[in-house]
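First comes the structure, then the notes that go with it.
The values are calculated or read from the model by the stated rules, or taken from the named source; none is laboratory data. Treat the numbers as computed from the prediction; the structure is a model and nothing was measured. With ideal geometry, Cβ positions are generated from the backbone for all residues, glycine too; neighbour counts draw on all protein chains shown.
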Amino acid sequence: MNRMNRDQLAARVARDIPDGAYVNLGIGLPTKVANYLPKDREIFLHSENGVLGMGPAPRPGEEDPELINAGKEPITLLKGGCFFHHGDSFAMMRGGHLDVCVLGAFQVSASGDLANWHTGAPDAIPAVGGAMDLAIGAKQVFVMMDHLTKKGESKIVEHCSYPVTGIGCVDRIYTDLAVIDVSPHAGLLVREMVEGLSFQELQRITPTPLTLWTP
Amino acid sequence: MVDKIVHSIEEAVSDVYSGATVMIGGFGTAGMPSELIDALIAQGAKDLTIVNNNAGNGDTGLAALLKAKRVNKIICSFPRQSDSYVFDALYHAKEIELELVPQGNLAARIQAAGAGLGAIFTPTGFGTLLAEGKECRRIDGRDYVLEYPIRADFALIKAFQGDRWGNLVFRKTARNFGPIMASAAKCTIAQVSEVVPLGELDPEVIVTPGIFVKRVVPVGASATARAA
């Protein structure tokens, strides 16, 4: 089967972000989505440290330590972009003003619970940042992740075994194998699968009931 | 004449006392008032409770304050980073207490303190480990967690320009926690890159009104004191 690589996955997510959307891309893999946003759409990228209208990385030598994103990487500001303090920034998130946020995940449950902040290991130093605010704040929460862990266990589960970040908050899951909607009525609804993968095989490796979407 | 300009950074932090709760602005190193923190280390206050988004980077700024063993407790959202080794070691040695707060709740609790609110109901964190044992309420079909304001005795922040009335403007993403911390502390001390004469800051773009600021101290090579 044609498992998607990380760039193909980012490009697939980018296709679903509409013109005019206010979007937050989480730290890590979701950041890649910015590279694939269609050039004919005007999309506003928000970063929770206090910037809207985030542009691409600066050219080498043009970095400004006071112009960074939530991952603390140097960025640029697009014409029309602006800065604001943390209170306003999280009001944009928590107040439902962002259209889409894209997050990475350890696990997503059948009811859309998200686990992405803490492995629960007793010696791990917990760090949460804006993950819980992003999980419950945006109008639509997209998760992008590998379908299986390195050990071959499904990251889509009946119930999260890792500590949750938010309850029932995920709307759509993009994995390297499939695009799956989390529907409050129909459960996990498979919208797309990569070429060469059968629904039966996808269901076999996913330990919670899936439904194949039919137009 | 009101003049909040302090010309010595040592004088600016001279009354920070041991046991105080101190907010420190900045997101990572952007907006971190490093010179004020260095002056606080030299001043010697200890047993501090620190409020910051992170728990220090590398060996400078907040990390240096932690390394000097001046901090009993830190309230933050994201302590663990690639270069947070000073905090990591103290945490594993149980030499520092951590109160972990989701970033938006940290901001909202600081704002609640500044706005004089008794508490807030926030949807962030509901159903998670970070809401365990806390009062929850369903309002209009959505679940919320009761969280209390975070107040401080002092706030150390970094701004771009300031005037003698304490009005401040910030630079790019270094603004982050500065304005909201300024409102939530009894004594806010702002280090600025430039002091400008009263009236020079456009009143339409002043981000932090001087009422929230007690002291302004010019810092750095480009700092000029043109105050009038």
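The requirement of being over 20 Å from A:Val33 (Cα atoms) and touching a Gly at 6+ places or on another chain (Cβ under 9 Å) is not satisfied by A:His118. Yes or no: A:Val102 more than 18 Å from A:Val13 (Cβ to Cβ), touching a Leu at 6+ places or on another chain (Cβ under 9 Å) and either not polar (S, T, N, Q) or not in a loop (DSSP other than H, G, I, E, B) (or both)? Answer is no for this residue. Would region A:4-12 turn up any residue that is farther than 19 Å from A:Arg172 by Cα, touching a helix residue (DSSP H, G or I) at 6+ places or on another chain (Cβ under 7 Å) and touching a residue at least 24 places away in the same chain (Cβ under 8 Å)? Checked against the condition, which is being farther than 19 Å from A:Arg172 by Cα, touching a helix residue (DSSP H, G or I) at 6+ places or on another chain (Cβ under 7 Å) and touching a residue at least 24 places away in the same chain (Cβ under 8 Å), region A:4-12 yields no hits at all. Does region B:46-58 hold any residues that are without any contact (Cβ under 8 Å) to a residue 40 or more places away in the chain and either closer than 17 Å to B:Ala159 by Cβ or crowded, with 20+ Cβ neighbours inside 10 Å (or both), and which are they? Those that are without any contact (Cβ under 8 Å) to a residue 40 or more places away in the chain and either closer than 17 Å to B:Ala159 by Cβ or crowded, with 20+ Cβ neighbours inside 10 Å (or both): B:Leu48, B:Ile50, B:Asn54, B:Gly56, B:Asn57. Within the option set B:Glu135, B:Glu147, B:Glu99, B:Glu95, being farther than 30 Å from B:Ile5 by Cα, in contact with a Leu (Cβ under 8 Å, 6 or more places away or on another chain) and of a type in the set (Asp, Glu) holds for one residue only, B:Glu135.
Among the residues of region B:149-172, just one is away from chain A (no Cβ under 14 Å) and in contact with an Asp or Glu (Cβ under 6 Å, 6 or more places away or on another chain), namely B:Arg164.
Is it the case, given these coordinates, that B:Ile211 is at pLDDT 95 or above, out of contact with any strand residue (DSSP E or B) (no Cβ under 8 Å at 6 or more places or on another chain) and within 13 Å of chain A (Cβ to nearest Cβ)? Criteria not met by B:Ile211. Cβ-Cβ contacts under 9 Å between residues 6 or more apart (or on different chains), taken from a first residue in region A:145-158 that is farther than 18 Å from A:Leu188 by Cβ to a second residue that is of a type in the set (Val, Ile, Thr), are listed as A:Gly152/A:Ile205. Within region B:103-126, residues that are within 8 Å of another protein chain (Cβ to nearest Cβ) and in contact (Cβ under 8 Å) with a residue 12 or more places away in the chain reach partners that are among the aromatic types (Phe, Trp, Tyr) and crowded, with 24+ Cβ neighbours inside 10 Å with beta carbons closer than 6 Å, at six or more positions or on different chains, in the pairs B:Gly104/A:Phe90; B:Ala107/A:Phe90.
Scanning region B:173-187 for residues that are buried (at least 24 other Cβ atoms within 10 Å of the Cβ) and more than 14 Å from chain A (Cβ to nearest Cβ) turns up just one, B:Ala185.
The strands (runs of 3 or more DSSP E) found wholly in region A:41-95 and carrying at least 2 residues that are within 11 Å of chain B (Cβ to nearest Cβ) and touching a Lys or Arg at 6+ places or on another chain (Cβ under 9 Å) occupy A:76-83. If the condition is being within 9 Å of chain A (Cβ to nearest Cβ) and farther than 24 Å from A:Ile136 by Cα, then region B:72-97 contributes B:Ser84, B:Phe87, B:Asp88, B:Tyr91, B:His92.
Taking residues in region B:7-35 that are within 14 Å of chain A (Cβ to nearest Cβ), and partners anywhere that are assigned to a strand (DSSP E or B) and of a type in the set (Lys, Arg), the pairs with Cβ atoms closer than 6 Å and at least 6 places apart or on different chains are B:Gly25/B:Lys158; B:Gly31/B:Lys158; B:Pro33/B:Lys158. Taking region A:118-134 as the range and being more than 8 Å from every other protein chain (Cβ to nearest Cβ) and buried (at least 18 other Cβ atoms within 10 Å of the Cβ) as the test, only A:Leu134 passes.
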